[in-house]
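> Starting off with a structure, shown below.
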């Protein structure tokens, strides 16, 4: 990670959720980019190589599961930590962890919980 503030890619097909998470992260000092679907998430993951990806798992077209597969199977992006934010059931959350997600947050996610998990995952990455 560079000396500038970490870059977080926020991926969610729901505009309100995307904006809320982005605003929370920006106020906390993170740099933020957004993606509105899985295709844009893969593209920006490859191009921007963010420090962390905050991603909804349930999206139309290319869902979060497929995005995880694309990113984890690419040598340039496989080490980017992913925090899933989802309304998925407990069973789905466990599958997300098995797929390589570093943490799973349940919607609706309070700002404090979001920031705490993002900071924890980033701290683990550098330690």
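The values are calculated or read from the model by the stated rules, or taken from the named source; none is laboratory data. Given the structure is predicted, the values throughout are model-derived calculations rather than measurements. Positions of Cβ are backbone-derived with ideal geometry, glycine not excepted, and every protein chain shown enters the neighbour counts.
> Just the residues that are surrounded by fewer than 13 Cβ atoms within 10 Å (Cβ to Cβ) and either in contact (Cβ under 8 Å) with a residue 12 or more places away in the chain or in a loop (DSSP other than H, G, I, E, B) (or both), please, taken from the range 15-27.
Once the filter is applied, which keeps residues that are surrounded by fewer than 13 Cβ atoms within 10 Å (Cβ to Cβ) and either in contact (Cβ under 8 Å) with a residue 12 or more places away in the chain or in a loop (DSSP other than H, G, I, E, B) (or both), the range 15-27 yields only 15.
> Which one of 32, 67, 42, 101 is modelled with pLDDT under 95, surrounded by 16 or more Cβ atoms within 10 Å (Cβ to Cβ) and not in a loop (DSSP other than H, G, I, E, B)? Talk me through it step by step, then tell me what you get.
On the way: 32 fails: modelled with pLDDT under 95; 42 fails: modelled with pLDDT under 95; 101 fails: not in a loop (DSSP other than H, G, I, E, B).
Exactly one of 32, 67, 42, 101 is modelled with pLDDT under 95, surrounded by 16 or more Cβ atoms within 10 Å (Cβ to Cβ) and not in a loop (DSSP other than H, G, I, E, B), namely 67.
> Let me ask something additional. Assess whether residue 62 counts as being in contact with a strand residue (DSSP E or B) (Cβ under 7 Å, 6 or more places away or on another chain), within 16 Å of residue 40 (Cα to Cα), surrounded by 15 or more Cβ atoms within 10 Å (Cβ to Cβ) and at pLDDT below 90. Please lay out each step first, then the result.
Working: in contact with a strand residue (DSSP E or B) (Cβ under 7 Å, 6 or more places away or on another chain): no; within 16 Å of residue 40 (Cα to Cα): yes; surrounded by 15 or more Cβ atoms within 10 Å (Cβ to Cβ): yes; at pLDDT below 90: yes.
Considered against the rule, which asks whether it is in contact with a strand residue (DSSP E or B) (Cβ under 7 Å, 6 or more places away or on another chain), within 16 Å of residue 40 (Cα to Cα), surrounded by 15 or more Cβ atoms within 10 Å (Cβ to Cβ) and at pLDDT below 90, residue 62 comes out as no.
> One residue is enough: does the range 104-125 have a residue meeting the conditions modelled with pLDDT of 95 or more and assigned to a loop (DSSP other than H, G, I, E, B)?
no
> Please work out which one of (1) under 24 Å from residue 15 (Cβ atoms); (2) outside any loop (DSSP other than H, G, I, E, B); (3) over 13 Å from the mean Cα position of the chain (by Cα) is the condition residue 91 fails and give its number.
Single failed check for residue 91: (1).
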